[in-house]
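One structure is given here, and the rest of the page talks about it.
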């Protein structure tokens, strides 16, 4: 069983772009957005993935994750079966000591939202905090992509 351990933060400014070593376009949809078993279709540039995620622990840091690469044509067909609300974003990759921050700059109905995630080896793993990192939002479900697809950032106000 694969376990994902991550923390999520808001981003204060755009200086992360200068520190990034890569940027990719991501399109994703959800075949199932039930919090107990999220099933996601994602295309990152020219690769596609089917991902299943389990329910998060109480802190929101840890959950089961299984991912399998699929063909882009299969992913495009599966998008037709997805629930309403496709997520589109640019993901920037920033090295920070032994970790990599993934900063998602959302597009479409979620434009204006910028969130950073860091995957950890364990829940107590230490990491360097970049100056552009803002408030921690780990475990706050409205920031989950599956929820952003149903209740986008532009509707929060």
Which one of these does residue 55 not meet: (1) free of Cβ contacts under 8 Å to residues at least 24 places away in the same chain; (2) over 24 Å from residue 35 (Cβ atoms); (3) surrounded by fewer than 17 Cβ atoms within 10 Å (Cβ to Cβ); (4) touching a strand residue (DSSP E or B) at 6+ places or on another chain (Cβ under 7 Å)? (2)
Residue 74 vs. criteria more than 25 Å from residue 139 (Cβ to Cβ) and free of Cβ contacts under 8 Å to residues at least 60 places away in the same chain: yes
Restricted to region 32-46 and to residues being in contact with a helix residue (DSSP H, G or I) (Cβ under 7 Å, 6 or more places away or on another chain) and in contact (Cβ under 8 Å) with a residue 40 or more places away in the chain, the residue farthest from residue 100 (Cα to Cα) is 33
Verdict on residue 4 being modelled with pLDDT of 95 or more and farther than 20 Å from residue 150 by Cβ: no
Residues of region 142-157 that turn out to be surrounded by fewer than 13 Cβ atoms within 10 Å (Cβ to Cβ) and in a helix (DSSP H, G or I), as a count: 2
May I ask you to verify whether residue 27 is more than 23 Å from residue 99 (Cβ to Cβ), touching a strand residue (DSSP E or B) at 6+ places or on another chain (Cβ under 8 Å) and either surrounded by 17 or more Cβ atoms within 10 Å (Cβ to Cβ) or in contact (Cβ under 8 Å) with a residue 60 or more places away in the chain (or both)? yes
Taking strands (runs of 3 or more DSSP E) that do not extend beyond region 19-121, which have at least 3 residues that are under 16 Å from residue 149 (Cβ atoms) and over 15 Å from the mean Cα position of the chain (by Cα)? 22-34
Considering (1) touching a helix residue (DSSP H, G or I) at 6+ places or on another chain (Cβ under 9 Å); (2) within 24 Å of residue 3 (Cα to Cα); (3) crowded, with 16+ Cβ neighbours inside 10 Å, say which one residue 96 fails and leave the rest. (3)
Count of region 122-133 residues which are surrounded by 11 or more Cβ atoms within 10 Å (Cβ to Cβ), touching a strand residue (DSSP E or B) at 6+ places or on another chain (Cβ under 7 Å) and over 25 Å from residue 87 (Cβ atoms): 3
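The values are calculated or read from the model by the stated rules, or taken from the named source; none is laboratory data. All values derive from a computational prediction rather than experimental measurement. Don't worry about glycine lacking a Cβ; one is built from the backbone with ideal geometry, like all the others, and counts go over all protein chains shown.
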